[in-house]
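The next block holds one structure in the form of structure tokens; read it before the comments.
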Amino acid sequence: MGKVAARIKVMPQSPEVDLDALTERLEDALPEGAKISRTDREDVAFGLIALFPTVIIPDEAGGTEAVEDAFRNVDEVESVDVDEVGRI
């Protein structure tokens, strides 16, 4: 079985959210077998910065759904969208 790298866009609820703490909470929320290889940050607007963690997951049925659901349940997350997906 292969692995998949998924770059996921995570929008915080406000510009006041501590992005380092949010990144840690995202790592803690990952389902078993998934790991974050890197996290990029991009300015969106009005001081809001989006996080783009690249998550490595096993190539299984369901794809990125478990990771997306886990990230949506993290405190101070406004939205979660898959930006890119590729096999590695």
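Assorted remarks:
- 3J(HN,Hα) along region 72-80: 5, 8, 7, 4, 6, 9, 8, 8, 9 Hz, from the Karplus curve 6.51 cos²θ - 1.76 cosθ + 1.60 with θ = phi - 60°, whole Hz, x for Gly and Pro.
- Three-way shape call for region 48-88 based on the alpha-carbon gyration tensor, with the a/c threshold at 1.5: oblate
- Of all accessible heavy-atom area on the chain, the percent that carbon and sulfur account for (1.4 Å): 43 percent
- Residues in region 24-34 carry Karplus couplings, in order, of 5, 5, 5, 4, 5, 7, 4, x, 4, x, 9 Hz; the curve used is 6.51 cos²θ - 1.76 cosθ + 1.60 with θ = phi - 60°, and Gly or Pro positions show x.
- Under a Gaussian network description of the chain, with springs only between Cα atoms under 10 Å, the residue in Arg38, Arg72, Arg25 that fluctuates furthest is Arg38.
- Taken per residue, the accessible surface of the chain reaches 60 Å², heavy atoms only and a 1.4 Å probe.
- Length-normalised contact order for the chain - Cα pairs under 8 Å, 6+ apart - percent: 50 percent
- The H on the amide N of Val44, modeled in the peptide plane, is under 5 Å from the matching H of Ile49, Ala50, each at least 5 residues off or on a different chain.
- Adding -39500 (n - 2.57) for every DSSP H run of four residues or longer, then dividing by how many residues the chain holds, sets the calculated 222 nm ellipticity at -6000 deg cm²/dmol.
- The HN-Hα couplings worked out from phi for region 3-17 by the Karplus form 6.51 cos²θ - 1.76 cosθ + 1.60 (θ = phi - 60°) are 10, 10, 9, 10, 9, 10, 8, 10, 9, x, 5, 7, x, 7, 5 Hz, whole numbers, x standing for Gly and Pro.
- √(5λ) per eigenvalue of the Cα gyration tensor, the chain, largest first, Å: 23, 13, 10
The values are calculated or read from the model by the stated rules, or taken from the named source; none is laboratory data. All values derive from a computational prediction rather than experimental measurement. Accessible surface is based on the protein model in full, side chains and every heavy atom, while ligands, DNA and RNA are left aside. Shrake-Rupley method; radii C 1.70, N 1.55, O 1.52, S 1.80 Å.
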